[in-house]
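Student: Just dropping this structure here.
The values are calculated or read from the model by the stated rules, or taken from the named source; none is laboratory data. Not measured: the values here are computed from a predicted model. Here the Cβ is made from the backbone with ideal geometry for all residues, glycine too, and neighbour counts use every protein chain on show.
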Amino acid sequence: MKRTVPGLTWSRQSKTFVDCLHAVLEAAGLWSEPKYMLSGKTGMAFKFCVHQELLPLSVTAYGEWVQEHQPAAENIGIASAIYAGHTRHHTFPLYREAVMREMKASINRGVGVIFWEPEFCVIYGYDDDDQVFFYSDGRSGEEKIKLYDNFGLNFTPYWYAHLILGKVERDPLDVVLQSLRTAVREWETPYKTPPNTDIGSGQLAYRYWITALEKGGFHSFGASYILSSAAQSKRELHAYFREAAPLVSALTYIVPLYGELDALYQDLVAHHSKNPTKQAMALKEASAMEEQAMQCIRAVLAEHPAADRPMPRWGSAPPR
């Protein structure tokens with residue numbers, strides 16, 4: 001018998017993980033704010049990586065997904081269970097069997113599941129009789145199917161399934177401040193996928209991007225995808241800071257900066273998407289503007305030092 005989550009629809013606008021998370025949470029009644037607030041509060045809008053050759057993978061190569069997505073969701077009070085790995089691992093079939101049971105249970109509760117197809121997509125139903133999952137890729141309203149036997153298999157070596165367990169309320173100010181800490185960390189961290197150094201993050205991402213445009217020989221679709229994704233992130237951040245400013249008055253100085261960044265990127269998308277020279281010149285200006293914004297954010301954080309951070313869920317902390 002076919003089981004589905006009612007009202008779970010989405011389209012590609014932001015990073016696909018953000019699009020999927022927003023769709024799943026909204027359909028489950030766990031989120032009611034605009035998507036740009038989700039993108040900002042989770043810190044996902046600040047994640048910005050670029051491959052030296054401007055490959056399309058730049059947009060999702062912002063780190064190890066479990067380590068990136070779990071804290072992002074937890075910052076808005078969302079608890080997750082994430083299964084991920086390489087399909088070449090001998091234990092993959094066992095993990096797949098276990099996660100598919102949990103996915104069905106989640107759908108029965110009215111909560112969709114985020115998975116990597118690629119890119120990130122949403123499973124919103126299943127049918128045990130036909131042995132299929134029903135999912136949406138955000139490109140159209142067409143219902144797509146994934147055979148149980150093929151779950152986790154795609155043209156990349158990775159598989160990923162993200163289940164939402166529930167939500168707790170968090171202090172709004174703490175959420176915003178933690179998103180600002182994420183902003184600075186993303187800007188100052190040069191490499192998010194070590195030991196690889198061909199993908200730069202934050203400031204280095206701009207340098208890689210500008211160098212590739214000036215040198216030539218880059219991936220044309222990747223260049224277009226990176227530009228459209230970055231433009232959407234700046235638009236989200238402009239709106240996010242506008243709404244977050246009442247919580248932290250100093251953010252009012254950042255709103256105009258991201259307004260200028262938003263306008264700059266929208267102009268590039270609308271009028272110069274095929275002009276590498278014009279893009280490189282504008283991106284140098286954008287990089288300087290973002291550094292100015294980060295200086296403002298650092299000043300805000302200096303006035304709101306972090307309290308003792310909670311013990312990491314995994315890591316080197318000894319048992320007590």
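Student: So Cys121 ticks every box in (1) part of a loop (DSSP other than H, G, I, E, B); (2) in contact (Cβ under 8 Å) with a residue 60 or more places away in the chain; (3) under 19 Å from Ser14 (Cα atoms) but one. Which box is left unticked?
Tutor: Unmet for Cys121, out of (1) part of a loop (DSSP other than H, G, I, E, B); (2) in contact (Cβ under 8 Å) with a residue 60 or more places away in the chain; (3) under 19 Å from Ser14 (Cα atoms): (1).
Student: Quick check, is Pro276 modelled with pLDDT under 95 and either outside the structural domain of Ala230 (by TED's automatic domain parsing) or closer than 20 Å to Ala230 by Cβ (or both)? Steps first, answer last, please.
Tutor: Details: modelled with pLDDT under 95: no; either outside the structural domain of Ala230 (by TED's automatic domain parsing) or closer than 20 Å to Ala230 by Cβ (or both): yes.
Considered against the rule, which asks whether it is modelled with pLDDT under 95 and either outside the structural domain of Ala230 (by TED's automatic domain parsing) or closer than 20 Å to Ala230 by Cβ (or both), Pro276 comes out as no.
Student: Scan the range 44-59 residue by residue and report those that are crowded, with 19+ Cβ neighbours inside 10 Å and assigned to a loop (DSSP other than H, G, I, E, B).
Tutor: Lys47, Phe48, Leu54, Leu55
Student: Restricting to the range 16-57, name every residue that is within 22 Å of Trp209 (Cβ to Cβ), of a type outside the set (A, V, I, L, M, F, W, C) and more than 12 Å from the chain's Cα centre (by Cα).
Tutor: Listed by number, the residues that qualify are His51, Gln52, Glu53, Pro56.
Student: A follow-up question, please. Might you check whether a residue that is part of a helix (DSSP H, G or I), on the phi < 0 side of the Ramachandran plot and in contact with a Phe, Trp or Tyr (Cβ under 7 Å, 6 or more places away or on another chain) occurs anywhere in the range 4-15?
Tutor: no
Student: Being more than 25 Å from Leu251 (Cβ to Cβ) and not in a helix (DSSP H, G or I) is the filter here; which residues of the range 202-239 pass it?
Tutor: Residues satisfying the conditions are Gly216, Gly217, Phe218, His219.
Student: To continue, here is another question. Among the residues of the range 258-285, count how many are without any contact (Cβ under 8 Å) to a residue 12 or more places away in the chain and either buried (at least 17 other Cβ atoms within 10 Å of the Cβ) or part of a helix (DSSP H, G or I) (or both).
Tutor: 5
Here is a yes/no grid of residues against (1) touching a residue at least 60 places away in the same chain (Cβ under 8 Å); (2) within 24 Å of Val175 (Cβ to Cβ); (3) surrounded by fewer than 17 Cβ atoms within 10 Å (Cβ to Cβ):
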{"residue": "Thr211", "(1), (2), (3)": "yes, no, yes"}
{"residue": "Lys215", "(1), (2), (3)": "no, no, yes"}
{"residue": "Phe218", "(1), (2), (3)": "yes, no, no"}
{"residue": "Gly222", "(1), (2), (3)": "yes, no, no"}
{"residue": "Ala230", "(1), (2), (3)": "yes, yes, no"}
{"residue": "Tyr240", "(1), (2), (3)": "yes, yes, no"}
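Student: May I ask you to list the residues in the range 133-153 that are of a type in the set (Ser, Thr, Tyr) and modelled with pLDDT of 95 or more? Walk me through it before giving the result.
Tutor: Within the range 133-153, the first condition is being of a type in the set (Ser, Thr, Tyr), and the residues that meet it are 135-136, 140, 148.
Once the filter is applied, which keeps residues that are of a type in the set (Ser, Thr, Tyr) and modelled with pLDDT of 95 or more, the range 133-153 yields Tyr135, Ser136, Tyr148.
Student: Now for a different question. Kindly evaluate Ala84 against the criterion of being out of contact with any Gly (no Cβ under 7 Å at 6 or more places or on another chain), free of Cβ contacts under 8 Å to residues at least 40 places away in the same chain and not acidic (Asp, Glu).
Tutor: Numbers: out of contact with any Gly (no Cβ under 7 Å at 6 or more places or on another chain): yes; free of Cβ contacts under 8 Å to residues at least 40 places away in the same chain: no; not acidic (Asp, Glu): yes.
Considered against the rule, which asks whether it is out of contact with any Gly (no Cβ under 7 Å at 6 or more places or on another chain), free of Cβ contacts under 8 Å to residues at least 40 places away in the same chain and not acidic (Asp, Glu), Ala84 comes out as no.
Student: Just one of the numbered conditions (1) under 17 Å from the mean Cα position of the chain (by Cα); (2) on the phi > 0 side of the Ramachandran plot is not true of Gly166; which one?
Tutor: Among (1) under 17 Å from the mean Cα position of the chain (by Cα); (2) on the phi > 0 side of the Ramachandran plot, the lone unmet condition for Gly166 is (1).
Student: Here is a follow-up. Do we have Glu119 as surrounded by 14 or more Cβ atoms within 10 Å (Cβ to Cβ), in contact with a Gly (Cβ under 9 Å, 6 or more places away or on another chain), under 20 Å from Ala230 (Cα atoms) and assigned by TED's automatic domain parsing to the domain that holds Arg12 here?
Tutor: Yes.
Student: Mind counting the residues in the range 152-178 that are touching a residue at least 40 places away in the same chain (Cβ under 8 Å) and either acidic (Asp, Glu) or assigned to a loop (DSSP other than H, G, I, E, B) (or both)?
Tutor: Result for the range 152-178: 7.
Student: Looking at this structure, is Tyr191 in the same structural domain as Ala84 (by TED's automatic domain parsing), surrounded by fewer than 22 Cβ atoms within 10 Å (Cβ to Cβ) and within 25 Å of Phe120 (Cα to Cα)?
Tutor: no
Student: Residue under question is Asp149, and the condition is that it be assigned to a helix (DSSP H, G or I) and in the same structural domain as Ile107 (by TED's automatic domain parsing); does it hold?
Tutor: yes
Student: Looking at the range 240-257, which of its residues are part of a loop (DSSP other than H, G, I, E, B) and either within 23 Å of the chain's Cα centre (by Cα) or of a type in the set (S, T, N, Q) (or both)? So that I can check it myself, show each step before the final result.
Tutor: Filtering the range 240-257 down to residues part of a loop (DSSP other than H, G, I, E, B) leaves 245-248.
Within the range 240-257, Ala245 is the sole residue that qualifies.
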